[in-house]
Amino acid sequence: MQYIKMSLQHLDFELDYLYKIGFRPLNLKKIKNYISKYKLTPKVPIITVTGTNGKGSTVETINNLLISNGFSVGKFTSPHLIAINERIQVNNQVIDDNSLSNLLRIKRTQLELDAQNYFSVLFLVALSYWQSFKLDYVILEVGIGGKYDVLNLLDADVLVISSIGLDHEARLGGSRSIIGWQKAGLMRAKQSVVLAEPNAPKSITDCAISVGANVYKIQHDFWSQYANSFWNWHSRQQSFYGLPYPNLFIENVSSAIAVCERLNVPLQASKVRSVLKTLSLHGRQEVVHNDPEILLDVSHNAHALQHLLQSIPQKPTILIFSALTRKSVEPMIQVLRQYVEQWIICESKNPHSYSADSLTQIIKQQLSSATQNPPPIYTKSVPSQAVKFGLSLCPKQYRLLICGCFALVAEVKLLIPRLILN
């Protein structure tokens, strides 16, 4: 017990350090030299997933399809929902606290300061951790951007670009074209590039032509055919019929199947069906209670919210909402106002969260200018109060939607069992 206690104390120290260094600029050349010096480049095929929305769903589907076919898979994702260990996995098992603590300490002491930030250190921890396993594939989820991301130090065998929307504009640019160009910066000559968006910005395909990458585009090189209770997947090489609808967006699942095809993984229809029957991801279209329906979703930009609200069954909706100050909240408000009857605003634990009062003022101003009869807007200081109040307002036939940022969804997900039981 004493050993476990000390191990947790060491992990807390390392995580505190990681939070303090934050997302500062990096000397990518030094990180590249570090990867080379310690021979950290995986000796197996690498699948890198970038884009604005849908990255996590795509990664999760690829991961489970490969594992179902008997392959050993390392997975690096960002951000996490509940615990930081979620970011580094092997065959759906997260890195243990002791390994995480030890590897964080090693990176802190070995890396020069300008080669350290929150994301780069965790990425290097993942590469080191995977050396203890005999892997067949590695899947990497880009944090922000692509061209200047630390993950671009590794050459992917297959690159996936999910849907492109406006997010992180201060860092990536203010148009889909510029953001698409940033994501396309991960391309390599002769690389297979799977595009998960039929109307992807032209800047992406222009970049593919420029570098000599091979593009496989949804609704062109592979496509989905929908029926009432099932869907079919087709490419120019093969088809899968009678697939169950997963609890994730089909375009991301469809693109994941295309990735396996590009890797020449011999997928069997029965195994694809089996994976899709149970495929889900925490915080993505996650219904945690019925009557009333409580729906958690980490959508945190206007593009993602629009896609979510157009895709789920329509019903009267009460919203619990929080957002980060670095996000463009006005476009999100304009999307949400078309679907939401009552608003409950709160503050998440993320240090960059809007205060409940300041976010409420922004929303009131936006809604007052958009309609003569704005809906009720309530302010609660913390998510627990917001959920209790939301449940008191919510008839059984309504939906209580919680969205806006990862931190809010994570906190509510942990709260729900206790609040429902009480």
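The values are calculated or read from the model by the stated rules, or taken from the named source; none is laboratory data. As the structure is a computational prediction, the values presented were derived from the model and not from experiment. Every residue, glycine as well, gets a Cβ built from its backbone with ideal geometry; the counts of neighbours run over all protein chains shown.
Assorted remarks:
- Sole exception among (1) at pLDDT 90 or above; (2) not small (G, A, S); (3) not in a helix (DSSP H, G or I) for D16, by number: (3)
- Flag if S99 is more than 25 Å from Q182 (Cα to Cα), assigned to a helix (DSSP H, G or I) and over 19 Å from the mean Cα position of the chain (by Cα): yes
- When the helices (runs of 4 or more DSSP H) confined to segment 243-327 are screened for residues that are at pLDDT 95 or above and over 20 Å from P375 (Cβ atoms), those reaching at least 2 such residues are found at 250-262, 269-278.
Yes or no, residue by residue, for (1) surrounded by 22 or more Cβ atoms within 10 Å (Cβ to Cβ); (2) in contact with a strand residue (DSSP E or B) (Cβ under 8 Å, 6 or more places away or on another chain):
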residue: T50; (1), (2): yes, yes
residue: N53; (1), (2): yes, yes
residue: T61; (1), (2): yes, no
residue: D97; (1), (2): no, no
residue: S120; (1), (2): yes, no
residue: Y129; (1), (2): no, yes
residue: K134; (1), (2): no, no
residue: V138; (1), (2): yes, yes
residue: V142; (1), (2): yes, yes
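- Any hit, segment 119-127, residues being more than 17 Å from the chain's Cα centre (by Cα), free of Cβ contacts under 8 Å to residues at least 40 places away in the same chain and part of a helix (DSSP H, G or I): yes
- Hey, T325 in contact with a His (Cβ under 7 Å, 6 or more places away or on another chain), polar (S, T, N, Q) and either farther than 30 Å from K20 by Cβ or free of Cβ contacts under 8 Å to residues at least 60 places away in the same chain (or both) or not: yes
- Qualifying residue in segment 181-199 (condition: exposed (fewer than 15 other Cβ atoms within 10 Å of the Cβ), closer than 27 Å to E86 by Cβ and in contact (Cβ under 8 Å) with a residue 24 or more places away in the chain): no
- Considering (1) of a type in the set (D, E, K, R); (2) in a loop (DSSP other than H, G, I, E, B); (3) in contact (Cβ under 8 Å) with a residue 60 or more places away in the chain; (4) in contact with a helix residue (DSSP H, G or I) (Cβ under 8 Å, 6 or more places away or on another chain), the lone condition that K147 does not fulfil carries the number (3).
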